[in-house]
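All remarks here apply to the structure that follows.
The values are calculated or read from the model by the stated rules, or taken from the named source; none is laboratory data. This structure is a prediction, so every number in the text was calculated from the model and none was measured. Note that each Cβ is placed from the backbone with ideal geometry, even for glycine, and that neighbours are counted across all protein chains shown. Remember, those area values only see protein heavy atoms, side chains included, never the ligands or the DNA or RNA. Shrake-Rupley method; radii C 1.70, N 1.55, O 1.52, S 1.80 Å.
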Amino acid sequence: QVQLGESGGGLVQAGGSLRLSCAASGRTFSSDAVGWFRQAPGKEREFVATISWSGSNTYYADSVKGRFTIAKDNAKNTVYLQMNSLKPEDTAVYYCASRSAPGRVVPSTIPGWYNYWGQGTQVTVSS
């Protein structure tokens, strides 16, 4: 059984920080590209950040660049999303997703490319 589990969401004031975690069970992230996506009510799921299998290449949506950081810890089989300087516009359900991609330098920003998904965690930023 493959399971991705997100944690770390919650309610925070504008300008605050949260750290989201995505842990994998049943398989390892060691050869996976891993991405974070978010979805607000009435809107489509949108790309936030992704990291290559090696952890050496990262990509961010323009809306979060400079504020969010994605990191991969293969020893703990966990991927993190550090979110700083949060804005009300960041309010959404955040999902992590993964796909085996050994050797792939540039992971996809398209949700359908990923095979495995977590259940999501709610992030609410108040003004």
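A few notes on this one:
- Nonlocal amide H pairs with residue 91, under 5 Å, H built at 1.01 Å: 125
- The stretch 104-122-the stretch 1-78 distance, computed between alpha-carbon centres (Å): 9
- The apolar share of the surface of the chain, taken as the fraction of accessible area on carbon and sulfur atoms (1.4 Å probe, ligands and nucleic acids excluded), comes to 48 percent.
- Accessible-area order (highest first, 1.4 angstrom probe) of the listed residues 80, 116: 116, 80
- Taken over the chain, the alpha-carbon convex hull comes to 94 cubic angstrom per residue.
- Solvent-accessible area of residue 110 with every protein chain in place, 1.4 Å probe, in Å² to the nearest 10: 100
- Put a dot 7 Å past the Cα of residue 25, heading toward its Cβ, do the same for residue 85, and the two dots end up 3.7 nm apart.
- Accessible area per residue in Å² at 1.4 Å probe, computed on the chain: 49
- R0 of 22 Å, Cβ-Cβ distance residue 75-residue 3: FRET efficiency to nearest 0.05: 0.70
- Note on the chain: with charges restricted to the Cβ of Lys and Arg (+1) and Asp and Glu (-1), its dipole about the Cα centre is near 160 debye.
- Between 71, 111, 15, the Cα set farthest toward the positive side of the dipole of the chain (charges on each charged residue's Cβ, about the Cα centre) is that of 71.
- Zone of residue 122's modelled label, taken as backbone nitrogen in the stretch 34-68 under 18 Å from a point 7 Å along Cα→Cβ: 38-43
- Rolling a 1.4 Å probe over the protein chains gives residue 65 an accessible area of about 120 Å².
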